[in-house]
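For reference, the structure is listed below as structure tokens.
Please treat every number below as a calculation from the coordinates, not as lab data. Quantities reported herein were computed from a predicted structural model and do not represent experimental measurements. Virtual Cβ from ideal backbone geometry, glycine too; neighbours counted across all protein chains shown.
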Amino acid sequence: MSEQFTPDTTAILVCAGNATRMGGVNKILMPLGKSNVVGYAMLAMQACPDIAEIIVVAKPEAEDEIRRTAQELGITKLTHITPGGETRQQSVMNGLRLTAKTSEYIAVHDGARPLVKPEHITKVIRDARVFGAATLGVPVKDTVKVVDDGLIIDTPYRPSLYLTQTPQVFRKRLYFEAADFAAEHGLDFTDDCQLVEAIGGKVFMTTGDYTNLKITTPEDRAIAEVLL
């Protein structure tokens, strides 16, 4: 008889950005389908059997609406809503400090990525269990040019290039170690994988799909509506 599986991962939804490219509109609360942007992100985490709890890091003024959304959608895994910090890195740490002691991994996810699939969340978590860290991503479709002062100076080898998405999953102990190193050396990253890379850690690239888009501009929301 097989042992019963116990979820071991805390999802940290980072929703505390300034939404400058949305004209100051809080994009995580923008209507989408039958709910809003963060609602669909929570639903994906709720549906993933590997996720034990959900922690949302958001602006204080958004807390009531997030709680209402979670209640309306039947989100039972939401345990905390906490304010963000001045940077993304600080915001993730605010969520990390609230994780359950029983959680062995954290899945850091952009709250503005509402279309991530539960099966891809499971896939990246399982890769992180093997490698210690893993992130969702997709191969770059277009040829990328490196430009300096308006002139092309290099063309990277396209098959080795990936667009990084979220969730990015880490063994919790490893993330704490990387965050401590960054704090000691005054480093601040906008991508959580860079934290682990800074201490020599390796991050596995788990292939997801192109529908896991980030709502950054009004056009992105329109595309998400079509995909839904």
So, with points 7 Å from each Cα along the Cβ direction, the Lys145-Leu161 label distance in nm works out to 1.1 nm
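The chain: longest stretch without exposed GluC sites (Glu not before Pro) (DSSP loop, at most 10 other Cβ within 10 Å), sites themselves excluded? Don't skip to the answer; put the middle values down first.
Working: sites that count: Glu3, Glu86.
Result for the longest clean stretch: 87-228.
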Per-residue ellipticity at 222 nm attributable to helices in the chain (runs of n ≥ 4 DSSP H, -39500 (n - 2.57) apiece, nearest 500 deg cm²/dmol) works out to -10000 deg cm²/dmol
Rounded to one decimal in nm, the spacing of the 7 Å Cα→Cβ label points at Phe5 and Asp180 is 3.2 nm
Whole-Å distance linking the alpha carbon centroid of segment 159-194 with that of segment 39-95 is 20 Å
Listed by chain and number, the residues whose amide H is under 5 Å from that of Gln165, excluding neighbours fewer than 5 places away on the same chain and using placed H, are Leu136, Gly137, Val138
Most fluctuating of Thr207, Thr164, Thr102 in the GNM of the chain (C-alpha, under 10 Å) is Thr102
Counting only DSSP beta bridges fully inside the chain, the antiparallel percentage to nearest 5 is 40 percent
Expected max-MSF residue from Pro139, Pro156, Pro114 in the GNM of the chain (alpha carbon, under 10 Å) is Pro156
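Please sort through the DSSP H helices of the chain and keep those with an alpha-carbon extent of at least 30 Å along the long axis and a Kyte-Doolittle average not below 0.0. Walk me through the numbers before you get to the answer.
Values: long enough: none.
Membrane-span-like by this criterion, though nothing is claimed about a membrane: none.
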Counting as exposed only trypsin sites (Lys or Arg not before Pro) in DSSP loop states with no more than 13 other Cβ atoms inside 10 Å, the longest exposed-site-free span of the chain is 35-96
Here segment 185-200 yields Karplus 3J(HN,Hα) values (6.51, -1.76, 1.60; θ = phi - 60°; whole Hz; Gly and Pro given as x) of 9, x, 9, 9, 10, 8, 10, 5, 4, 4, 4, 5, 4, 5, 9, x
Quick calc of log₁₀ I(q)/I(0), the chain, Debye, one scatterer on every Cα, no solvent, q values 0.08, 0.13, 0.18 1/Å, result -0.29, -0.77, -1.43
Counting only DSSP loop positions in segment 90-170, the chymotrypsin sites (Phe, Trp or Tyr not before Pro) whose Cβ has at most 16 other Cβ atoms within 10 Å are Tyr157
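Give me the orientation-averaged projected area of the Cα convex hull of segment 164-228, in nm², one decimal.
Numbers: hull surface 22.2 nm².
The Cα convex hull of segment 164-228, projected and averaged over all directions, gives 5.6 nm².
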In Å, the C-alpha Rg and Dmax of segment 47-122 are 12.4, 32
Expected max-MSF residue from Gly201, Gly84, Gly186 in the GNM of the chain (alpha carbon, under 10 Å) is Gly186
Here segment 149-162 yields Karplus 3J(HN,Hα) values (6.51, -1.76, 1.60; θ = phi - 60°; whole Hz; Gly and Pro given as x) of 6, x, 10, 6, 10, 6, 10, x, 5, 4, x, 9, 9, 10
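Taking every pair of alpha-carbon atoms in segment 118-228, give the share separated by more than 24 Å as a whole percent. Display every interim value, and only then the final one.
Values: 2489 of 6105 pairs.
More than 24 Å apart: 41 percent of the Cα pairs in segment 118-228.
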One would report the antiparallel percent of DSSP beta bridges in segment 54-165, rounded to the nearest 5, as 55 percent
